[in-house]
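Structure, as structure tokens:
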Amino acid sequence: MSMATRTQTQSPAPHVCDRHDLIRVHGARVNNLKDVSVEIPKRRLTVFTGVSGSGKSSLVFGTIAAESQRMINETYSAFVQGFMPTLARPEVDVLEGLTTAIIVDQERMGADPRSTVGTATDANAMLRILFSRLGQPHIGSPQAFSFNVASISGAGAVAFERGGKTVKERRSFSITGGMCPRCEGRGSVTDFDLSQLFDDSKSLAEGAILVPGYTVNSFFTVQVYMGSGHLDPDKPIRKYTKKEMQDFLHHEPVRVKVNGVNVTYEGLIPRTGSRCSRICGRSWTGRSPSLPVPSAAAPGSARRHGRRRSSGSTSPTRVRCRSATSPSGCGVWTNRRWRHC
């Protein structure tokens, strides 16, 4: 009877996750902390909450993570430590049970927007292996599930020795990657807002081009498009054929003769995007939408993109600015307004 009573009063066995060591912090005095002591269980999700300025970041980042990083840096050679920042020991009486810490704070992880928590912790590599083995349908190696690897292919002749003779064979290879060829794995593309470049209801003779400095009587700008022979100056832009629109916007630089003068004809987009950048080092800033990419061209990579923006957001795209040698001076065109540099 006594044995049964003693068994019922015993506390239940601890969970397997709670059988591991603890991270013990005693007497933390970093920033606004005042002798804070806490024990944090490992292999558990621990959340620190509190009002602004209560010391959450000081305890997590300034004390625990800082000491973990400092201990890792001490394992490198003296030569490598000379190129690393010197980290001070946090003000704390006891700090034990630390392991390697992966710090994910509110700052950007890197200059490349492809840098994510998954790429920094190598979790993406493990997920790619998992999807490549269990994914249905199967589309290839783990690289096929990576938005940083592009699909490439190639072929050529190779020469090698066989039986004392030089033998040539044709070999080919292909790599299936998950990078979208249009957005390059970023999830969105920044394109020109054509409504800022021209008014499609007008013709070139009526002043359809809205780029500053492109007036109808300007010989080296609009007159080149009107007299090149590629476009009908009296035809509204919205009635252009696909070939005419291609010649108007993206034509490669060619030499044409306008009114007996040899000039260079070039599409409106490459012309406005590069000419003034070479002259005065600045670019005309026009509004252009950042368009989300609905799907990637690589097989099975419909949603493997980088950061994605909504279709309603807009971001400035540098196109060109007028040269300082122009009558109105150097400036930028933004939001349908001319602003001097």
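Computed from the coordinates by the stated procedures, all read-outs in this text should not be read as laboratory data. Here the structure is a predicted model, which is why all the values come from computation and not from measurement. Reconstructed Cβ throughout: ideal geometry from the backbone, glycine too, with neighbour counts over all protein chains shown.
Taking 7 Å steps out from each Cα toward its Cβ at GLU96 and MET126 produces label points 2.9 nm apart. Excluding same-chain neighbours fewer than eight residues apart, the lysines reachable from LYS34 by a Cα-Cα span under 20 Å are LYS56. Given axes a ≥ b ≥ c from the Cα gyration tensor, I'd like to know whether region 115-214 is rounded (a/c under 1.5), prolate (a/b larger than b/c) or oblate. Verdict is oblate for region 115-214. Under 5 Å from the amide H of VAL258 lie the amide H atoms of VAL263, each residue being 5 or more positions distant or on a separate chain, with H modelled from the backbone and absent for Pro and chain starts.
Sorting check: for 159-170, 72-83, 188-199, 90-101, which peptide has the highest mean count of neighbouring beta carbons within 10 Å, and how do the rest follow? Let's see the in-between values first.
On the way: 159-170: 7.8, 72-83: 9.6, 188-199: 16.9, 90-101: 14.7.
Going from most to least packed, we get 188-199, 90-101, 72-83, 159-170.
A crude spin-label estimate for the pair ASN148 and THR215, with each label 7 Å from Cα along the Cβ direction, gives 5.3 nm. Counting 0.36 nm for each residue step from GLU184 to ASP35 and taking away their Cα separation leaves a gain of 48.6 nm.
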